[in-house]
Amino acid sequence: MKALGSSGWKGPVKFRMPTAENLVPIRLDIQSEGQRYKDAFTWNPSDPDNEVVVFAKRTVKDLKLPSAFITQIAQSIQSQLSDFRAYEGQDMYTGEKIIPIKLDLRVNHTLIKDQFLWDLNNFESDPEEFARTLCKDLGVEDPEVGPAVAFAIREQLYEIAIQSVASARESRLSKKGRRGSDHGSASKASGLSMDLVKLFSFKSSVVRKRKDLDVYEPVVDLLTSEEVDALEAREERHAR
């Protein structure tokens, strides 16, 4: 598995996804006229806005969905892009941040669980490449699992990037009137990183300590059709 080493970035930097490609994770779950459309994918925030409508129309045509889905798909994507763009230009505190990433996914008949550390300062990291390598190492054959793993990683990185904007904002306030709090915040973040380093014997962004293999080793299960049907029925009840 390829290690994702730090590229030496220190905070603050301007907000963006802490990955090589600045892609926004988009999740859709739309119901209309008795039909439901669910999807998850990434979007380049630099793409022209009219591409959203083009995508919505093509999706509705390809999946033979009611025309009402066009507006709802476009609006949902545009709303999520607007949320992302609202953070652009703002400072994002990175500092010493080694964060845990957790996977608990079901894709078709494949159930995959894993947890590992990720270097938030590595702005050259590639979740898609990592996901491909992970699936290859685990012998996962379903081609849809890799993209789902990469998306799950990007979603978690996005949430942490948003939290990092708040950290940078608090740091600025501390420098203006609460210098002691600023030092304490930085020390706390550094302490957390060091605790994680000690726990996982950190040498790269993906480490599993030998004595904890039963806890941190990836788990892959292939579900039967009956198990998948039961899970989907349960998910449908929760959705209602």
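Of all residue pairs spaced 6 or more apart or on separate chains, those with beta-carbon atoms under 6 Å, a first member in the stretch 138-161 that is in a loop (DSSP other than H, G, I, E, B) and a second member that is aliphatic (A, V, I, L, M) are GLU144/VAL107. For the stretch 94-103, the set of residues classified as at pLDDT below 95 and open to solvent by 60 Å² or more (accessible area, probe 1.4 Å) consists of GLU96, PRO100, listed by residue number. Taken over the stretch 133-156, the residue count meeting the criterion of being farther than 16 Å from VAL219 by Cα and surrounded by fewer than 19 Cβ atoms within 10 Å (Cβ to Cβ) is 5. Of the residues making up the stretch 22-38, those that are within 19 Å of the chain's Cα centre (by Cα), surrounded by 13 or more Cβ atoms within 10 Å (Cβ to Cβ) and either modelled with pLDDT under 95 or of a type in the set (Asp, Glu) (or both) number 0.
Can you name every residue in the stretch 69-93 that is outside any helix (DSSP H, G or I) and among the aromatic types (Phe, Trp, Tyr)? Within the stretch 69-93, TYR87, TYR93 qualify. Among the residues making up the stretch 94-132, those that are of a type in the set (A, V, I, L, M, F, W, C) and within 29 Å of LEU222 (Cβ to Cβ) are ILE101, LEU103, LEU105, VAL107, LEU111, ILE112, PHE116, LEU117, TRP118, PHE130, ALA131. Among residues of the stretch 61-86 that are loosely packed, with under 13 Cβ neighbours inside 10 Å, those with a beta-carbon under 7 Å from a residue that is part of a helix (DSSP H, G or I) at least six positions away or on a different chain give the pairs SER67/VAL60.
The values are calculated or read from the model by the stated rules, or taken from the named source; none is laboratory data. This structure is a prediction, so every number in the text was calculated from the model and none was measured. Reconstructed Cβ throughout: ideal geometry from the backbone, glycine too, with neighbour counts over all protein chains shown. Ligands, DNA and RNA are stripped out before the accessible areas are found, and what is left, the full protein with its side chains, is counted by its heavy atoms. Shrake-Rupley method; radii C 1.70, N 1.55, O 1.52, S 1.80 Å.
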